[in-house]
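Each remark here refers to the structure printed beneath this line.
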Amino acid sequence: MTRTSFPLQDQLRGFSRALFSTWLYHRRFNLLFDAGEGISTSLLNRVFGIRKVFLSHGHADHIAGLINLVNIRNLGAGDQTTDLEIYYPQGNALVEVVKNYLAQTQSELSFSLIWRPLEAGQMVALDDRRGKTFLRTFRTQHSQKQLSLGFNILEARSRLRPEFATLSQAEINQAIWTHGKERVVEPFEQIIFTYGGDSRPLPVGAITESLFLCHECTYLKREDDERNFHQHSILEEVLEVAAAARVKTLLLFHLSLRYTQEEVRSLVGQALRRQGYPFQVVFLFGDRFHPLADPRGRPETDDASEGSASEEDDRRTPAGEEKP
Ligand SMILES: [Zn+2]
């Protein structure tokens, strides 16, 4: 059996089905992106690992899991004292309703529940030991009535300026000695992870060279968008955006229920072979991540090898402490 993995395979848990529920948990940073129904029943005591929640918008399939998440964090068998921050698009009336509901029904929580409204272009520091990782929001295009946001995790990195890029290490050292480090090395921000929420195709400028782009893909074929809501994305648009942005890996989520897993694999595979896109594609079908054939020619994997092994490992060592 061929085992194909993708970057972040062990770092991501999630569920996504258009209209029903969407959430994605990034374990390395303890971040939850969106909070659709079923988070807690799926993650069980791993919900205690969540430190920050980022809501892309206020539709029910992206926020319905919040109430139970807060309840389990309060009463479940884990560290009940760790603060939970919920970031949401500023002025979102639907999120405010959930916030008020929780304020009325959960007045004595064992941890601090902190609500933080966000605008587009805002930065949030993330917990990492080196202090070089942060998140920045960008505006997406989804509902006419409410602000929707996408999220980039960025890392502050440095690289050689182009004029020094071809030099040997000895020559670089000499150049630093002669000109000073700032003339030789430049700082830049690398997008290491992008979560776009529900949206029309994301703005290329906001996601350029993302190492891992999570882009919704509600429709595989243009004619399937029969209601013409212009709120969601179609496969060919998503692939074009990912190519224009020069992303490394593309995760498709928020697939419409009308497609079977085999249809998704087949239609995405066909599109990839037609165009020869230079990035890897993974799709989230229900709670399973399915990598497609590597564009460099590695074979496709069968279902048994997809994500299940690491999930088993994870069950043995939950993030929260489990009572016997
Ligand atoms: Zn939505």
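Residue 264 fails exactly one of the following numbered conditions: (1) away from the ligand (no atom under 16 Å from the Cβ); (2) under 14 Å from the mean Cα position of the chain (by Cα); (3) among the aliphatic types (A, V, I, L, M). What is the number of that condition?
(2)
Exactly one of these conditions fails for residue 240: (1) buried (at least 20 other Cβ atoms within 10 Å of the Cβ); (2) not hydroxyl-bearing (Ser, Thr, Tyr); (3) not in a loop (DSSP other than H, G, I, E, B). Give me its number.
All conditions pass for residue 240, except number (1).
Looking at (1) among the polar types (S, T, N, Q); (2) within 16 Å of the ligand (Cβ to nearest atom); (3) over 21 Å from residue 214 (Cβ atoms), can you tell me which one residue 92 breaks?
If we test residue 92 against (1) among the polar types (S, T, N, Q); (2) within 16 Å of the ligand (Cβ to nearest atom); (3) over 21 Å from residue 214 (Cβ atoms), just (3) comes out false.
Which of the residues spanning region 58-91 are in a loop (DSSP other than H, G, I, E, B) and crowded, with 24+ Cβ neighbours inside 10 Å?
65
Just give me the residues in region 111-152 being surrounded by 15 or more Cβ atoms within 10 Å (Cβ to Cβ), within 16 Å of the ligand (Cβ to nearest atom) and either assigned to a loop (DSSP other than H, G, I, E, B) or not small (Gly, Ala, Ser) (or both), in sequence order.
Of everything in region 111-152, those that are surrounded by 15 or more Cβ atoms within 10 Å (Cβ to Cβ), within 16 Å of the ligand (Cβ to nearest atom) and either assigned to a loop (DSSP other than H, G, I, E, B) or not small (Gly, Ala, Ser) (or both) turn out to be 139, 140, 141, 142, 143, 146, 147, 148, 149, 151.
With within 20 Å of residue 211 (Cβ to Cβ) and either away from the ligand (no atom under 16 Å from the Cβ) or in contact with a helix residue (DSSP H, G or I) (Cβ under 9 Å, 6 or more places away or on another chain) (or both) as the only criterion, which of 168, 158 stands out? Give the steps one after another, and end with the answer.
Details: 168 fails: within 20 Å of residue 211 (Cβ to Cβ).
Just one listed residue meets the conditions, 158.
Among residues belonging to region 180-232 that are small (Gly, Ala, Ser) and away from the ligand (no atom under 16 Å from the Cβ), point out the one that is nearest to the chain's Cα centre (by Cα).
210
Restricting attention to region 200-226, which residues are surrounded by fewer than 24 Cβ atoms within 10 Å (Cβ to Cβ), among the small types (Gly, Ala, Ser) and out of contact with any Phe, Trp or Tyr (no Cβ under 6 Å at 6 or more places or on another chain)?
If the condition is that a residue be surrounded by fewer than 24 Cβ atoms within 10 Å (Cβ to Cβ), among the small types (Gly, Ala, Ser) and out of contact with any Phe, Trp or Tyr (no Cβ under 6 Å at 6 or more places or on another chain), then 205 is the only one that fits.
Every number in this text was worked out from the coordinates using simple rules, so none of it is lab data. For clarity, every value in this text was computed on a predicted model and none was experimentally measured. Glycine also receives a Cβ, built like all others from the backbone with ideal geometry; neighbour counts cover every protein chain displayed.
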